[in-house]
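Taking it in order: structure first as structure tokens, then the write-up.
The values are calculated or read from the model by the stated rules, or taken from the named source; none is laboratory data. Note that the structure is predicted; figures quoted are calculated from it, not measured. Neighbour counts run over all protein chains shown; Cβ positions are idealised from the backbone, glycine included.
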Amino acid sequence: MDLSLSPSVSDTVCVLWGCELNDTQRKAVFEIAEDLLEHQFFIRTMCLSAGASKEMHVVEVQDRVGEYCKPVPIATLHPMCQPMVSFSGFELMPPVIFNLRSGQGPLFISGQHLTLIYEEEEGEEEEEEEEVFSSTPPLDHSGLQ
């Protein structure tokens with residue numbers, strides 16, 4: 001694969017995202033607009049509030065990867081032994097659905113949404129211009145004296 005022909009990332013837009021799950025709001029969805037940009041979503045932290053019920057809280061997640069997506073438990077939190085969990089490099093493909101499978105919360109989720117903006121390299125345009133000029137035959141100056 002020739003990496004010189006691949007587009008380069010010209011700009012990265014980073015937006016923080018967060019939600020609260022509790023007994024009345026058990027589901028949260030992170031969605032993006034349909035466009036031609038590349039989107040990445042990273043889960044950063046899940047934590048229980050100080051007033052969380054003293055029970056196990058299980059959070060499951062579902063993203064758009066795969067044809068038959070099923071929710072997968074990714075965190076089990078308890079206020080006495082593990083009130084918070086941090087993730088490193090946990091990338092999901094939007095849209096992402098978070099569900100509080102068990103527990104009453106409140107539980108907070110934070111994430112990071114990256115949008116990568118690509119641009120064509122200037123070298124490609126210059127190469128095309130050079131090809132146009134190199135395809136014209138050189139002038140014949142032999143008849144001039």
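Scanning the stretch 89-116 for residues that are hydroxyl-bearing (Ser, Thr, Tyr) and either farther than 27 Å from Glu34 by Cα or modelled with pLDDT of 90 or more (or both) returns Ser102, Ser110.
Selection of the stretch 50-103 for residues being free of Cβ contacts under 8 Å to residues at least 40 places away in the same chain and either on the phi > 0 side of the Ramachandran plot or among the aliphatic types (A, V, I, L, M) (or both) yields Ala50, Val61, Val65, Gly66, Val72, Ile74, Ala75, Leu77, Met80, Met84. Restricting attention to the stretch 22-70 and to residues that are in contact with a Pro (Cβ under 9 Å, 6 or more places away or on another chain) and of a type in the set (Lys, Arg), the residue that is modelled with the lowest pLDDT turns out to be Arg64.
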